[in-house]
Amino acid sequence: MLETHRLPKSSNTFVQAKKLMVFDLIDSHLKHYVFGKPLAVQESLHSKVIMFGMGCFWGVEKLFWNIDGVLMTAVGYSAGSSEFPDYKSVCSQTTGHSEVVLVHYRPDTISFGELLTMFWESHDPTQGMRQGNDIGSQYRSGIYAFSENDLSMALETKEQYFGKLKSARFGSITTEILPATKFYYAEEYHQQYLAKNPRGYCALQGTGVNF
């Protein structure tokens, strides 16, 4: 069963996030291939965190590490029902986990609203358990929030974007919007995959409908 817990209202989401970060498949001192800093969460009064699921996490991570104001990214597994998943078990669709990207950012440089706009516009949130040719529950669309404020804002923007998609004759939004649960950092070779393999696979594509 998917774990649940009470979210804080505070916009400082690091206290909540640090409790949910699980380094099982990699060392917490592993350095980000692009940023050159350890992947481990560093508490700061000036930064926030959010998790996004938008299909294959390789392309999603690249999308966000290129954004001014984003301090750190990492790929991993979340929103599942079992402990300590790995890539093989997640792909078997027996754990319920989604491929997600953890984003650390400075809200004084890029707002949560701007990140949500990127989220909605950069993939197809109407496709259910797939994104393009990537089929399976691990590729579902999702927003996993560490505070009540962020959860509420995500839900509001879902309704706003649905109106625009409906006008463009798209179906219903299937994005799940939930309180964040444990984030299991994925294997080292998945971290910043497209920085290490610039010609690697990336199927990330939006609907063409602006938020």
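Taking a sphere under 13 Å around the Cβ of K18 and counting the other residues whose Cβ falls inside, with K and R at +1 and D and E at -1, yields a net charge of +2.
3J(HN,Hα) couplings calculated from phi for region 114-130 with the Karplus curve 6.51 cos²θ - 1.76 cosθ + 1.60 (θ = phi - 60°) are, in sequence order, 5, 5, 5, 4, 4, 4, 5, 7, 9, 8, 9, x, 10, 8, x, 8, 5 Hz; Gly and Pro show x. Our analysis of the chain gives Rg over Rh at 0.93, with the two radii drawn from alpha carbon positions and Rh computed by the Kirkwood formula.
Region 13-89 and region 150-211 have their alpha-carbon centroids 15 Å apart.
For the chain, excluding the exposed loop sites themselves (GluC sites (Glu not before Pro), DSSP loop, at most 12 other Cβ atoms within 10 Å), the longest remaining stretch covers 84-211. Placing unit charges on each Cβ (+1 for Lys and Arg, -1 for Asp and Glu) gives region 14-196 a dipole about its Cα centre, and among M118, P85, V41 the Cα reaching farthest toward its positive end belongs to M118.
Each of D150, D86, D27 was scored by other Cβ atoms within 10 Å of its Cβ. Arranged with the fewest first, they read D27, D86, D150. In sequence order, region 154-159 has phi-based couplings of 4, 5, 5, 5, 4, 5 Hz under the Karplus curve 6.51 cos²θ - 1.76 cosθ + 1.60, θ = phi - 60°, and Gly or Pro positions carry x.
Placing +1 on the Cβ of every Lys and Arg and -1 on the Cβ of every Asp and Glu, with nothing else charged, gives region 44-181 a dipole about its Cα centre of roughly 320 debye.
Using a simple spin-label model with pseudo-atoms 7 Å out from Cα toward Cβ, N197 and K88 lie 1.8 nm apart.
Readers should treat all values here as calculations from the given coordinates under stated rules, not as data from a laboratory. If you're wondering where the values come from, they're calculated on a predicted model, not measured in any experiment. Backbone-built Cβ (ideal geometry, glycine too); neighbour counts: all protein chains shown.
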